[in-house]
Amino acid sequence: MTEKGLPWRAEAAGPAASARQGMGPLALVLAVILAVAVSFALLAFRPQIPFWAQAIGAGLALIGLLLLVGMPGGYIHLGRRSKQREFLDCLADAISDPLVVTDARGRAVYANAHFVKLASAAGAARLTGIDLIYAGFPEFAEPVYHLAQAARDGKAAEREVRIPAGSAAPLARTDRPVWLRLQVAPVPDGGSTLWRLQDISADRALQEQAFTRLQFIITYLDYAPAGFFSTLPNGRIDYFNATLAGWLGLDVAQSQSGGLSLADVVGEAGERLMSAATPKPSGVVTERFDLDLRDKAGRAFPVRLIHRADFDAAGKPLPSRSLVIPRDELVERSDAGQRLARFIHAAPLGIAEIDRNGTLREANAAFFDLSPGARRGGSLTAIVGEGERPALDRALADAMAGEGKLAIADATIGGDKPRAVQFTLTRLFADDDWAAVFALDKTESKALEVQLAQSQKMQAVGQLASGIAHDFNNVLTPIIGFADLLLAKMRPTDPSFADVMSIKQNANRAANLVRQLLAFSRRQTLQPKVHALTEAMSELGNLLGRVLGEKVTLKISHGRDLGLVLVDIHQFEQVIINLAVNARDAMPGGGTLSVRTHNVSVEESRSVAPDLMPPGEYVACEVEDTGSGIPPGIVDKIWEPFFSTKEVGKGTGLGLSTVYGIVKQTGGFIFCDSTIGRGTTFRIYLPRHYPGPEPVAMAAVKAPAAPARADYTGKGRILLVEDEDAVRAFAIRALSSRGYTVIEADSGERALEIIAADTKGFELILSDVVMPEMDGPTLLRELRKRGIKTKVIFISGYAEDAFEKNLEGQTDFAFLPKPFSLKQLVEKVKEVMEG
């Protein structure tokens, strides 16, 4: 069927050029029939009709015939709208692609000449849409369905369809496949849709040719006699040719999948070298490196790498390309210069070359590792602090002043982890215009020096504090004891009762200061037990609330499945209270104190303080306030005894030093982080304790306390060995008043003489630890050697563990720390004598 044989196009599509040619003969036939009918009518009614009426009727008939023939055929147009439509029809026919317009119900209402031709070739008997023309071809089913859905939704869309060679579909070819693009777009009239069909086979053919050419180039590059790879700015390998993959024993597909990084190919040292280029104005930096790659088996593969790094106008890195050329091993061995270059790049010491202006020419990987901000072409002084640059400039000037002269400058290189570096500069030859720079990382050694100095200082202060504490305890013991003896004889209404009570209270305050000194020096006696901090902290909450007052909000939170710790819970409570008091004083206007506990795994502990705290499992306790913070200049001094930022008379400066001593003596670690204006956080890490196979009673679950003894009197002979007269006098009076017979000795030698001459025996020996000539532990050893099994109580101003090492395994003794009160003395004696 031809286009001219489709009479329906004129009715449906309007007066397009081809339709007009088909409608002319039809209109002429209709006109002839109408003319014959009119002629018969005139002849039949001629006698009854006047001539003038016949003339008018003939004229009107002639005009009607002209309109009937001219308008359907497109020869006569009425008004401007017909001319516009004729123009639009011509425009639609001028578009080389088939176009058809469908209404809201999917019926075709207009088509251009190319679509009419397509419909004729498809054998359509009437005007229809593209979906019906290609309804019988499977490759069009899914695209046409989605386009029809888009048309119903009033959306524009397009799909591409490939027609295989030899298909029976319209526009198909027998010699090659055909690619068609189907498009739909809504027409602004509110319900119609324009369908368009484009043949894009030529574009696809060009794309396939370009792809084939690209494949050829890639294949050529893959098997070139040199290695090649390209790298993205993030360090990932974007392309890796087969030649280089074969040299390194890598799978080609895996190496080209994007799973490799630059460090995987050239190593971390090579990556630092290649990424240390300074952008040039041209945006292109080409450099040469002699590196050792590692194959899959770990063997060294020496190569010369020519690297091109590209940068944009802002200096931001773009994808780079690298050519890899293998170096012959025999040539390598004979070339001492290249071997030396390899040694320099592999050296653990930073080595660089700079000119007399301080511009960095070359450097090895270790140098760039020390100073991540260093770049070839950049300034050496730019990588150190501004205040340290003059010293480095002077060192460079001194090095350039003479041959072989060494100039040393210490500086700090900033960054995420600041490094303390010692730069040694030297000019190797007199005619050189460059100098060699050797950079030695002194960070760890500097940290060790600081730690050693701090440790020695703290040890010295601790020994001094321990000695002072011992002497103070010897003074305080008789003061507290004799005050107790006086109070025992007085009534509360006695005029002197308040004075004696004041003496005792102030002596107890002094004793508390002594205990803090012992805690700082880690010489106090601890009684560690297994505890769960969850229960211990819950019992401490009420006390902390009273300590903090109403202005400070207390928040306590615990981690899940909190581990156990081995601590003296009373001392640990003292740690938390001291930190809480400091936090309260740092928040005079109110704030929040948060106490948190959580477990710390081995991996997490590695990032806490690698130089100070060994890896392991810990239970952490964090005390955080929202106060004023600690100035950076004094953070390192807060642990020192007697250091305080409070006003005179409002603090002893022993609070944090006591905290430090207790935590250290427990085997834990404490760190402080503070920000001015935001607050301070103290983090305590206690080693996590795992009980052995035998069940361990939880100390945090306190058993009901036994009722206190009301009767402290007793009988028996006691040998009191004490070199301090006041302490000895108080102990004799206290014990004698309770019914004991007390024999005194002022030294260990005198005690042995009394025991040797005694015939009645002693039920108890009460001995000081530190005495001239023969101390308490020596006295105990002598007694045991002589077979004397008498019970022994040691009294001392030092902690128990300070002299345990001198007992050579002896554990059959009790201990009473100084200063002690009357009640504490008689309780301990009664307890030991009764077993």
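The values are calculated or read from the model by the stated rules, or taken from the named source; none is laboratory data. Note that the structure is predicted; figures quoted are calculated from it, not measured. Here the Cβ positions follow ideal geometry from the backbone for every residue, glycine too, while neighbour counts run over all protein chains shown. Side chains included, ligands, DNA and RNA excluded: accessible areas come from the protein's heavy atoms. Shrake-Rupley method; radii C 1.70, N 1.55, O 1.52, S 1.80 Å.
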Checklist line | Counted residues, the range 377-388 - those being in contact (Cβ under 8 Å) with a residue 12 or more places away in the chain and part of a helix (DSSP H, G or I) | finding: 3
Notebook entry, point to check: Quick one: is P279 buried (at least 17 other Cβ atoms within 10 Å of the Cβ), part of a loop (DSSP other than H, G, I, E, B), free of Cβ contacts under 8 Å to residues at least 60 places away in the same chain and not hydroxyl-bearing (S, T, Y)?
Noted result: yes
Next item on the list: Check the range 154-162 and report whether any residue there is without any contact (Cβ under 8 Å) to a residue 24 or more places away in the chain, more than 22 Å from A92 (Cα to Cα), surrounded by fewer than 16 Cβ atoms within 10 Å (Cβ to Cβ) and of a type outside the set (S, T, Y).
Entry: yes
Item checked: Qualifying residues in the range 174-200 (those that are over 50 Å from the mean Cα position of the chain (by Cα) and among the polar types (S, T, N, Q)) - the one surrounded by the most Cβ atoms within 10 Å (Cβ to Cβ) -> T193
Notebook entry, point to check: Looking only at residues in the range 298-319 that are open to solvent by 70 Å² or more (accessible area, probe 1.4 Å) and not in a strand (DSSP E or B), which one is nearest to S261 (Cα to Cα)?
Noted result: L318
Check: If you go through the range 554-576 one residue at a time, how many are under 29 Å from the mean Cα position of the chain (by Cα) and open to solvent by 20 Å² or more (accessible area, probe 1.4 Å)?
Finding: 9
Margin query: Based on this model, can you work out whether A382 counts as touching a Lys or Arg at 6+ places or on another chain (Cβ under 9 Å) and closer than 22 Å to H307 by Cα?
Written below: no
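What about A124, is it of a type in the set (A, V, I, L, M), farther than 21 Å from I95 by Cα and modelled with pLDDT under 85?
When the stated conditions are applied, A124 passes them.
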Item checked: Residues being assigned to a loop (DSSP other than H, G, I, E, B) and either modelled with pLDDT under 80 or of a type in the set (V, I, T) (or both) - total across the range 406-441 -> 11
Notebook entry, point to check: Filtering the range 252-268 down to residues that are at pLDDT 75 or above and open to solvent by 40 Å² or more (accessible area, probe 1.4 Å), which residue is nearest to E362 (Cα to Cα)?
Noted result: E268
Next item on the list: Could you tell me which residue of the range 597-634 is nearest to K664 (Cα to Cα), considering only residues that are open to solvent by 70 Å² or more (accessible area, probe 1.4 Å) and in a helix (DSSP H, G or I)?
Entry: R606
Notebook entry, point to check: Which of (1) surrounded by 13 or more Cβ atoms within 10 Å (Cβ to Cβ); (2) over 43 Å from the mean Cα position of the chain (by Cα); (3) assigned to a loop (DSSP other than H, G, I, E, B); (4) not hydroxyl-bearing (S, T, Y) does P225 not meet, given it meets every other one?
Noted result: (1)
Margin query: If I filter the range 761-785 down to residues being open to solvent by 50 Å² or more (accessible area, probe 1.4 Å) and within 28 Å of K823 (Cβ to Cβ), which single residue comes out as farthest from the chain's Cα centre (by Cα)?
Written below: E763
Next item on the list: Kindly indicate whether any position in the range 337-357 is within 30 Å of A245 (Cα to Cα) and modelled with pLDDT of 80 or more.
Entry: no
Check: Only one of (1) aliphatic (A, V, I, L, M); (2) over 25 Å from L91 (Cβ atoms); (3) surrounded by 13 or more Cβ atoms within 10 Å (Cβ to Cβ); (4) over 58 Å from the mean Cα position of the chain (by Cα) is not met by L171, so which one is it?
Finding: (2)
Notebook entry, point to check: Restricting attention to the range 715-736, does a residue exist that is among the charged types (D, E, K, R), closer than 16 Å to Q824 by Cβ, open to solvent by 50 Å² or more (accessible area, probe 1.4 Å) and modelled with pLDDT under 55?
Noted result: no
Next item on the list: Give the residues of the range 530-553 that are buried (at least 16 other Cβ atoms within 10 Å of the Cβ) and not in a helix (DSSP H, G or I), sorted by residue number.
Entry: V530, H531, A532, V552
Next item on the list: Pick out the one residue from P641, P614, P610, P632 that is closer than 19 Å to C672 by Cα, modelled with pLDDT of 85 or more and not aliphatic (A, V, I, L, M).
Entry: P614
